[in-house]
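J.: To start, I am sharing the structure in question, which I have written as structure tokens.
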Amino acid sequence: MDEAEQTHRADAEAEAERIQQEVEDATSDPASQEEWIRQSNLIYGGLAAAGLVVVQPFLTSSPLDLPAKICVIAFAVSIPLLAALLVLNRQEEFRRRVTRSRLVAVAKAIAQGSAFVGIAAAFWHISMVAGIVFVLVGFFAVGVHSSGYMHLEYDGKFRSRFRRRT
């Protein structure tokens, strides 16, 4: 590697570290954390309510086919976790900051993932095509949200919102 490449690489690494620090500064912003808590409440409450509604018909029907069993088991996992996360959000709201616990991060992933599986299995129980469409559009929706979020939060003005540390 010649000197120009080494200089370019060092500049790129310094820029990456600076951007990472700016992102960390943004995520520690209390206003951002309060908004994440509000959004989490909406997500967790909506998923728990959807789970309770979707599981109800399966409580009295027997025997269940495979998609119905998957749906019920997935919501058996997600509903208690979503309830715990809703209660935790109240504490986060009271403290005006989000927790950085790894256990909570894992619980969030499991709760949301199993709720997604439960809803997909419920659609699959009704129609295999509906289940496949739900999964595909669900992944597309995540992309839509991520793209919109990135453009809102990390546009060209993002760096100007924070003081440069010298």
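The values are calculated or read from the model by the stated rules, or taken from the named source; none is laboratory data. Just so it is clear, the structure is predicted and the values come from calculations on it, not from any experiment. Just so you know, the surface numbers come from the protein's heavy atoms only, side chains and all, with ligands and any DNA or RNA stripped out. Shrake-Rupley method; radii C 1.70, N 1.55, O 1.52, S 1.80 Å.
J.: Can you pull the Kirkwood radius for the range 1-81, inverse mean 1/r over Cα pairs, to one decimal in Å?
T.: 17.2
J.: If I compute solvent accessible area with a 1.4 Å probe over the protein chains, what percent of it on the range 43-166 is carbon and sulfur?
T.: 68
J.: Now for a separate question. Calculated from the structure, mean projected area of the Cα convex hull in nm² equals which of (1) 10.4; (2) 14.1; (3) 16.5?
T.: Here mean projected area of the Cα convex hull in nm² agrees with entry (2).
J.: Hey, what's the chain come to in accessible area per residue, 1.4 Å probe, Å²?
T.: Roughly 71 Å² per residue, with all protein chains present.
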